[in-house]
Amino acid sequence: MKRAILTIGIALGAIHSLPAAAQDAAAGQRVFSQCRVCHVIEDNGRNGVGPNLHGVVGRKAASVASYSYSPAMKAKGEEGWIWTEENLNTYLENPRGVVPGTKMSFPGLKDETQRKNVIAFLKSQG
Ligand code: HEC
């Protein structure tokens, strides 16, 4: 019994000692299940309803050549819009507010922690 408690204690300690970014990414992976309906994130994965998101952090908007973006998203890319963490944060809160006319029919993540975590996950994939 004592041994079991000790083991649990060590396991919890290991979780707590994970770097903050890794913890956020793990939580973000769960949030990403909402995105997975439309997006894959695996390297060279096929586009779904939405474009592949592998390496999206730091990428220019509308830059997956094999994906057919809306004119609104293409214009955003031509404008030079980069998916920085900050830009992802505002987009994910309200996609249509940032890219009016986007065909991403996702209402947005209103919870700031969820956005932060999912961005940490996106960052860890690519
Ligand atoms: C209902 C389907 C759907 C869901 C759910 C969805 N998306 Fe999208 N997403 C799209 C579509 C479609 C586009 C292309 C938008 C366009 O061309 O206007 C897109 C575009 C994007 C882009 C821009 C990519 C680029 O290459 O410029 C990002 C970033 C993105 N989505 C992130 C997310 C994240 C993160 C989630 C989950 C929180 C999510 N999406 C949920 C359909 C979806």
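The values are calculated or read from the model by the stated rules, or taken from the named source; none is laboratory data. What you are looking at is a predicted structure, and each value in this text was computed from that prediction instead of being measured. Using ideal geometry, Cβ is built from the backbone for each residue, glycine included, and neighbour counts are taken over all protein chains shown. Keep in mind that these areas ignore ligands, DNA and RNA; they rest on the heavy atoms of the full protein, side chains included. Shrake-Rupley method; radii C 1.70, N 1.55, O 1.52, S 1.80 Å.
Those residues that are in a helix (DSSP H, G or I), of a type outside the set (S, T, Y), open to solvent by less than 70 Å² (accessible area, probe 1.4 Å) and near the ligand (Cβ under 10 Å from one of its atoms), I need them from region 81-97; list them, please.
From region 81-97, those in a helix (DSSP H, G or I) are 85-93, 95-97; that's our starting set.
If we keep only those that are of a type outside the set (S, T, Y) as well, we get 85-89, 92-93, 95-97.
Those still in the list that are open to solvent by less than 70 Å² (accessible area, probe 1.4 Å) too: 87-89, 92, 95, 97.
Answer for region 81-97, where residues must be in a helix (DSSP H, G or I), of a type outside the set (S, T, Y), open to solvent by less than 70 Å² (accessible area, probe 1.4 Å) and near the ligand (Cβ under 10 Å from one of its atoms): N87, L88, L92, P95.
Restricting attention to region 98-107, and to residues there that are open to solvent by 80 Å² or more (accessible area, probe 1.4 Å) and over 17 Å from the mean Cα position of the chain (by Cα), which single residue is farthest from S124 (Cα to Cα)? Spell out how you get there, then give the answer.
Within region 98-107, the subset open to solvent by 80 Å² or more (accessible area, probe 1.4 Å) is 100, 103, 105, 107.
The next check asks that each one be over 17 Å from the mean Cα position of the chain (by Cα); those that pass are 100, 103.
Numbers: P100: 28, K103: 26 Å.
Result: P100.
Being closer than 16 Å to D24 by Cα and more than 10 Å from the ligand (Cβ to nearest atom) is the requirement here; does E42 meet it?
Working: closer than 16 Å to D24 by Cα: no; more than 10 Å from the ligand (Cβ to nearest atom): yes.
No, not satisfied.
Per-residue answers, yes or no, for (1) hydroxyl-bearing (S, T, Y); (2) under 22 Å from V98 (Cβ atoms); (3) outside any helix (DSSP H, G or I):
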residue	(1), (2), (3)
G28	no, yes, no
H39	no, yes, yes
N44	no, no, yes
G50	no, yes, yes
G55	no, yes, yes
S68	yes, yes, yes
A75	no, yes, no
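In region 98-112, what residues are more than 10 Å from the ligand (Cβ to nearest atom) and in contact (Cβ under 8 Å) with a residue 60 or more places away in the chain?
Within region 98-112, none qualify.
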